[in-house]
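Only one structure is covered here, and it is reproduced in the block below.
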Amino acid sequence: MGANDDMASTRTVAATVLLASSLAAGADAQPPAGRQPASQAGALDALHARLDASAAALMPKIVTWRRDLHAHPELGNQETRTSAFLAAELRRMGYEVTTGVAKTGVVALLKGGKPGPVVGLRADMDGLPVTEETGLPFASTARGTYLGRDVGVMHACGHDFHMSILLGAAEVLAGLKADLAGSVKIVFQPAEEGVPGEPGGAEVMVKEGVLTNPKVDAMFGLHVGITPLEAGSITFRPKGLMAAGDTYRIVVKGRQTHGAMPWAGVDPIVVASQIVLGLQTVVSRQIDLTQAPAVVTVGTIEGGTRHNIVPDEVRMSGTIRTFDPEMRKEILARVKRTAESIAAAAGATAEVILDEGYPVTWNDPALTERMTPSLKRVAAATFNPNAQPTTTSEDFSYYGQQVPALYFFLGVAPKGADPAAWAANHSPKFSPDEAALVTGVRALASLAVDYLAGR
Ligand SMILES: [Zn+2]
Ligand SMILES: [Zn+2]
C-alpha cells in the first residue's frame with residue numbers, strides 16, 4: 001500500500017507525540033496498519049476516534065447549513081450569498097480565507113501544528129436552472145435568469161450537500177489542527193455546471209492559482225448520487241472515473257450543382273454520409289477498447305434545400321466520450337483525420353472544429369490505492385473501489401490534470417428505496433438522504449488526516 005516512504009522519518013517524531021494524545025484519549029490499541037509503526041497506527045486510530053466524534057457532534061449544525069444552502073441556491077458565477085455564507089463560517093473556524101477567486105470562489109487555509117504537505121478538499125457551489133418539485137419544507141423558491149429566460153433555481157445536483165459536507169469537514173479538521181502535520185486547503189468552487197458563454201469553475205480556479213501558494217500535493221472531492229446507491233455508500237475507481245465530454249463540428253464543403261447532373265459539382269451529402277460511416281471505425285477499428293470504453297456519436301447532420309439541388313455544404317456535429325487522456329487525444333486526432341481525408345478523396349473539404357469539454361476525471365492510481373483504506377473505514381453501506389466509470393463529466397478533472405487527485409461518489413438514496421424509481425441528479429425531484437452527510441464529512445476529513453499522517 002502507498003505509505004509515503006520519503007516522509008516516514010519525519011513522521012516518527014509526530015507519531016510519538018500523537019501516541020501520547022491517543023493514550024490520553026483512551027483509544028483502543030490496534031495492531032499496526034500496513035507498513036506503519038505500531039505507535040503511528042495507534043496515534044492515527046486516536047485521531048480517527050476524535051474525527052468521528054466531532055463529525056457526529058456537528059451533524060445538527062451541518063443539517064442546518066445544508067437546508068439553508070438548499071433553500072437559497074444560486075446559478076453559476078452568481079453564488080454571492082453562498083460565498084459570503086461559506087467565508088463567514090470558515091473565518092469563525094479560524095481559517096485564512098480568500099474570497100473572489102474565479103468570481104465567487106472561496107479558498108481557505110488551515111495550517112496544522114507541524115510542517116508537512118498540503119491537502120486540498122473541493123466542493124462546488126452552483127445550483128441549476130431547475131424548478132424544484134421535492135415538496136420539502138426547505139425547498140427552493142428561488143428564481144434566476146438563464147439564457148435570457150426567467151427560471152426556477154434548485155440545488156438539483158446536490159452541490160448543497162457538497163458544501164455542507166466540506167464545511168463540516170473543515171470544522172472537524174480545525175478541531176484537530178494541533179495534531180495535523182501539514183496544511184488543509186478548502187476550495188469552494190463556483191460554476192461547475194458551466195455557464196453558457198462565460199468562463200468559470202475549476203478551470204478558472206486553477207488559472208488563478210488555487211493549487212499554488214502553498215502548492216497543493218493532493219486534491220480530493222466527492223459527488224453525491226449519480227447512481228442510485230444507498231445513503232452512505234462510497235464508490236470510485238482508479239484511472240478514469242468520469243468521461244471527458246468533447247463536442248466536434250464538421251463543415252463539409254462541396255460544389256453546388258443540379259441534382260440531375262451531379263458530375264458537374266461535388267456532392268457534400270454523399271461525402272458527409274461517408275464521413276458518418278468512417279467515424280464509426282474510429283472506435284470500432286482503430287482504438288484499443290480493452291483499455292477503456294469510448295463513444296463517437298454523430299448527433300446532427302444538416303444540408304440541402306430542395307430535392308433536385310446538390311448543395312454547397314453540409315454541417316454535422318457530435319459528441320466524443322472518453323475515459324483515458326491519451327485515448328482522448330488519439331480519438332480527437334483520428335476524427336479530424338478521418339473527416340478531412342474522406343472529403344479530400346472526393347474533391348471536397350471538411351473543416352473539423354473541436355470544442356474541448358471537461359477532461360477525464362482521472363483518479364491517480366497510486367493515490368487511489370493509498371487512500372482506499374481511508375474511504376473503506378468510513379463507508380456506511382456499499383463500498384466499491386472498482387466501480388464502473390460513468391459517461392457524465394465533471395470539472396474536478398481540471399485539478400486532476402495538475403496534481404494527483406481522487407474523486408468518489410457518495411450514495412444518497414434512502415435505505416430500502418426502489419432504485420428504478422430513484423429521481424437522479426438534475427431531476428426536479430432529486431432529494432438526497434441527509435443520513436449520508438456524516439459519511440461525507442468523515443470521508444473528506446479522513447482523507448485529509450490520513451494523507452497528512454503519511455498513511
Ligand atoms: Zn450536475
Ligand atoms: Zn454536480
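The values are calculated or read from the model by the stated rules, or taken from the named source; none is laboratory data. These numbers were taken from a predicted model, which means no experiment stands behind them. All Cβ positions, even for glycine, are placed from backbone atoms using ideal geometry, and neighbour counts span all protein chains on display. Side chains included, ligands, DNA and RNA excluded: accessible areas come from the protein's heavy atoms. Shrake-Rupley method; radii C 1.70, N 1.55, O 1.52, S 1.80 Å.
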Calculate the spin-label point distance for Gln286 paired with Lys207, positioning each point 7 Å from the Cα along the beta-carbon direction, and give it in nanometres. 3.0
Which percent of the accessible area of the chain is formed by carbon and sulfur heavy atoms (probe 1.4 angstrom)? 55
Selection of trypsin sites (Lys or Arg not before Pro), segment 326-423, meeting DSSP coil and at most 16 other Cβ within 10 Å: Lys415
For n ≥ 4 DSSP H runs only, could you compute -39500 (n - 2.57) per run for the chain, divide by its residues and tell me the 222 nm figure to the nearest 500? -12000 deg cm²/dmol
Describe numerically, in nm with one decimal, the distance between label points set 7 Å from Cα along Cα→Cβ at Ala344 and at Ala421. 5.9
Relative contact order of segment 209-350, please, whole-number percent, based on alpha carbon pairs below 8 angstrom and at least 6 residues apart. 32
Mean separation of Cα pairs under 8 Å and 6+ residues apart, divided by the residue count of the chain: what relative contact order is that in percent? 22
Given Lys207/Lys336; Lys336/Lys376; Lys215/Lys415; Lys103/Lys376, the pairs whose alpha carbons are separated by over 32 Å: Lys336/Lys376; Lys215/Lys415; Lys103/Lys376
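Roughly what % antiparallel, to the nearest 5, for the DSSP beta bridges in the chain?
Taking every DSSP beta bridge with both residues in the chain, the antiparallel ones total about 70 percent.
If you take the square roots of the eigenvalues of the alpha-carbon gyration tensor of segment 174-319 and sort them as a ≥ b ≥ c, do you get rounded (a/c under 1.5), prolate (a/b over b/c) or oblate?
Working: a/c = 3.54, a/b = 2.56, b/c = 1.38.
Judged from the Cα gyration tensor, segment 174-319 comes out prolate (a/c at least 1.5, a/b above b/c).
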Count charges around Lys429 for me, please; just the other residues with Cβ under 9 Å from its Cβ, Lys/Arg as +1, Asp/Glu as -1. -2
Neighbour-limited loop hits for GluC sites (Glu not before Pro), segment 307-415 (at most 14 other Cβ within 10 Å; DSSP other than H, G, I, E, B): Glu356
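How would the chain be classified by its alpha-carbon gyration tensor: rounded, prolate or oblate, with rounded meaning a/c under 1.5 and the a/b versus b/c comparison settling the rest? If you can, show how the numbers build up before the last one.
Working: a/c = 2.48, a/b = 1.87, b/c = 1.33.
Because a/c hits 1.5 or more and a/b exceeds b/c, the chain counts as prolate.
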Once fully extended, how much extra length lies between Arg91 and Glu351, figured as 0.36 nm per residue of separation less the alpha-carbon to alpha-carbon distance? 88.4 nm
Any idea of the accessible area per residue across the chain, 1.4 Å probe, to the nearest Å²? 42
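Given a Förster distance of 45 Å, report the FRET efficiency between Thr305 and Met59 from their Cβ-Cβ distance, rounded to the nearest 0.05.
Given R0 = 45 Å and the Cβ-Cβ separation, E is 0.10.
Can you tell me how segment 54-102 classifies by the Cα gyration tensor, rounded, prolate or oblate, using a/c under 1.5 as the rounded cut? Please list the in-between numbers first.
Details: a/c = 3.11, a/b = 1.26, b/c = 2.47.
The shape class here is oblate.
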Efficiency of FRET from Cβ geometry, Leu109 and Thr297, R₀ 41 Å, rounded to 0.05: 0.45
Quick calc, Arg255 & Asn386: beta-carbon distance into FRET formula, R0 45 Å, rounding 0.05, result 0.25
Starting from the Cα of Phe138, step 7 Å along the direction of its Cβ; do the same at Ser273; then give the gap between the two resulting points in nm. 5.9
